[in-house]
Structures are given as C-alpha cells and as structure tokens.
Amino acid sequence: MKFFEDIQVGDVTELGRHTFTAEDIKSFAHRFDPQRFHIDEEEAARSHFGALCASGWHTASMWMRLAADQRRGEIEGVRLRGQGPAQWGPALGFRELKWLKPVYAGDTIAYRAEVLEARASQSRPEFGLVVSLATGDNQKGERVISFVSTIFVQRRVAGP
Amino acid sequence: MRGRPRASKPPARNTARNGGEGLYAAGRFANDSGMSEPKLYFEDFEPGAVTVYGPRLVTREEIIAFAAEFDPQPMHLDEAAASATLLGGLAASGWHACALTMRMICEGFVLDAASMGSPGVDEVRWLKPLRPGTQVRLRATVLDKRASNSRPDRGFVSYLFEMIDESDAVLTAMKTPLMVLRRVPGSAP
C-alpha cells in the first residue's frame, strides 16, 4: 500500500472489470433500491430506461469493491517485501457523482481511479488527503459513472 | 382525471423495522401497491418541507455482510482490526450508509412517487462513523425544485438527506436531485 509521499497527481490505477448480471442487479435492488426498473424486467421495459438496469448505488458500490480488492493486493505485496503497509481510509466523502448512462444486465464495467490532487491534512499531520476521480466505462467505451472522492492516506513522515 | 392530493410533503410511512431477520428478503417490495400507480408527482414536492423517516436499527451483521460484498476493508469487517484504524472501531462502509439512505427513502416516499431515478449526487459527506447497533433516522429536506428545460414531462427535486443517530448527530449528509415526472407536462412548476 502506497504512502502519501509515493502518490503523484495523474497516477492512474486500473481497478478491473465487473459484469452485472440480472440476478445481481435484482438482488442489490431488493435490498437497497427496490424501484420497479431495478427489480423487474417487464416493468423496466415499460420505464424510460427500456430494460432492467442496476441501481446507481450498485454501480458505485462495485467501484468500491474493486478498489478494496486492489488495496488488499497492494498490502499483501508490501508485506511480502517485509515492509509495513500505509494506512488508507477512511474517505471523507465524495462529490459530483454522475450516473451518466444506465448499466444494463450483461454490461461489463471497467473501473479506474486517477489522482487529481494530493495535499497535507490540517487536522492529522500523520496523514495526507488524496483526491481522486473514480470512473467506470462500459464495454462500448461509454462512461457510465464518475465521482470525485477524498481519502486519508498515511504519510511515511508526519507533516508539519 | 384522478384527484390531485396537494400534500405539503411526502407522507411518512412507518418504516420502523428490525434490521436483522428479513432485512434482505427478496420480494419485499414486489407487490407494493404504490409501484404502478404513483401518488406523488413533481408538483407535490414543496421546497422547505422536512420529513423524518425511520427509525431503523443497523446491526453488526448487516454492516459486515455489506462490507464483505462491497467494501472488504478491515475497518468494516473486524472489530480488532478496525480499532487500529482512524475509525477507532467497527463502522459501516460509507457506501452502505448511502445504500441504506436509498432504502429508507424508497420506503419513505420514492416507491410512491413517479420516480425516474437520479442523474447523480452533488455531494456526500461521511461525517461520523455509523456504528453497529445505531438506530438511524433519515431527515429529508426539500432544498429546491425546477422543471426540466429540455423535457416538459419531468422536473428535478433537490434533496438533503441526513442520516442521524439517536442523539440527532448527523452521520452522513447527501445532497442529490431526484428526477420526478410532472402530473401535468409543461405546466408551471
């Protein structure tokens, strides 16, 4: 896991892909967003979406899943090299989340993160704040989701 | 033509429920009577209206279950590991708080509304950790609304959704526009 000092503005991390099945879409929606166009194919066909599509919160949560998997992989790599991993998180929140296109059953979304800004934390000198653009693109190359997140990342050397 | 209930605010349902058994029961809403015949249209939302939904118990089991599926980081999965992080103990994923907010507004009014989903979220702030055993409520404030410029059949209702705990502390604050059909397309908002 990278320390704050190792992070550069412009760094891009490919987080991997996820294919949304109708079953997954409905399972998430029944639990958290049971609007008709997320739980029923026929109702969805009659809606403005035209077909069953994932809750936007499902699309966003899968970004987090792949980001967490990626972080875990990095932590294991650092430990194998006999070093201590940097602490990441928690995030303070996010802004400008855009659900740009529906994610339909069968769509495969490629997720990534790009560092927009890295700055010292005023409140916690042993951490920095990293601002990232999180995105997901479908198999046609269309962007379906983007948001800007801010997260605490531990510094190797505490700041002033 | 159907009647036009001029609700001053979306009606609150009693959404109190146990967060444990039955939480993830599929089909809970499949026969919801409000689904095909919306009661709330764009015209019914009034800026300034404040409604509180809930309470809802957030259990340790559901925090860990969500994290295992969508945010498998130690601070959301394991009490001992979580105590070593900035969160200082087990807390729900922020995305879980967002998903629970969505669930509570679905139960609160979205399933009764001519909802067309949402184009996005202006901002979410995770202000305080959501701990196991918290009885959360959702305070929904209509900030503003505007008719769509390009589509006369719909409008946008901007909301502030605040997840609050037993002592009214705000845990999560979300600002988001909801897209809702107009009862009378093209009429004055």
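Data table
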{"item": "Karplus-derived HN-Hα couplings along the stretch B:109-119 (A = 6.51, B = -1.76, C = 1.60, θ = phi - 60°), whole Hz, x at Gly and Pro", "result": "7, 4, 5, 8, 9, 7, 6, 10, x, 9, x"}
{"item": "Contact order relative to length of chain A, as percent, for alpha carbon pairs under 8 angstrom and 6 or more apart", "result": "31"}
{"item": "Lys/Arg +1, Asp/Glu -1 at C-beta; the stretch A:83-160 dipole; positive extreme among A:Gly89, A:Gly141, A:Trp99", "result": "A:Gly89"}
{"item": "Descending semi-axes in whole angstrom, ellipsoid equivalent of the stretch B:84-182, from the Cα gyration tensor", "result": "29, 13, 11"}
{"item": "Theoretical FRET efficiency, 1/(1+(r/R0)^6), r = Cβ-Cβ of A:Ser27 and A:Glu76, R0 30 Å, to 0.05", "result": "0.55"}
{"item": "Förster-model FRET efficiency, 25 Å R0, A:Arg156 and B:Ala81, C-beta, rounded to 0.05", "result": "0.70"}
{"item": "Separation between Cα centres of the stretch B:66-145 and the stretch A:111-160, rounded to whole Å", "result": "20"}
{"item": "Virtual spin-label span in nm between A:Glu42 and B:Glu37, 7 Å along Cα→Cβ", "result": "1.8"}
{"item": "Listed residue pairs exceeding 32 Å between alpha carbons, taken from A:Lys101/B:Lys145; B:Lys39/B:Lys128; A:Lys26/B:Lys128; A:Lys26/A:Lys98; A:Lys140/B:Lys175; A:Lys98/B:Lys128", "result": "B:Lys39/B:Lys128"}
{"item": "Summed residue charge, Cβ within 12 Å of A:Ser149's Cβ, Lys/Arg positive, Asp/Glu negative", "result": "-2"}
{"item": "Under 13 Å, Cβ to Cβ, from B:Ala147 - net charge with Lys/Arg +1 and Asp/Glu -1", "result": "+3"}
{"item": "Value at 222 nm in deg cm²/dmol, rounded to 500, when DSSP H runs of n ≥ 4 in chain A each add -39,500 (n - 2.57)", "result": "-9000 deg cm²/dmol"}
{"item": "Neighbourhood net charge (15 Å Cβ-Cβ; Lys/Arg +1, Asp/Glu -1) for B:Ser167", "result": "0"}
{"item": "Loop sites in the stretch A:110-160: trypsin sites (Lys or Arg not before Pro), DSSP, at most 14 other Cβ within 10 Å", "result": "A:Lys140, A:Arg156"}
{"item": "Cleavage-rule hits, trypsin sites (Lys or Arg not before Pro), the stretch A:1-90, DSSP coil, Cβ neighbours within 10 Å at most 16", "result": "A:Arg81"}
{"item": "Simple Cβ-charge dipole of the stretch A:37-160, Lys/Arg +1 and Asp/Glu -1, about Cα centre, in debye nearest 20", "result": "680"}
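Every number here is computed from the coordinates shown, using simple stated rules; none is lab data. It should be emphasised that the depicted structure is a prediction, and the values quoted were computed from it without experimental measurement. Note: ideal-geometry Cβ built from the backbone for every residue, glycine included; neighbour counts use all protein chains shown.
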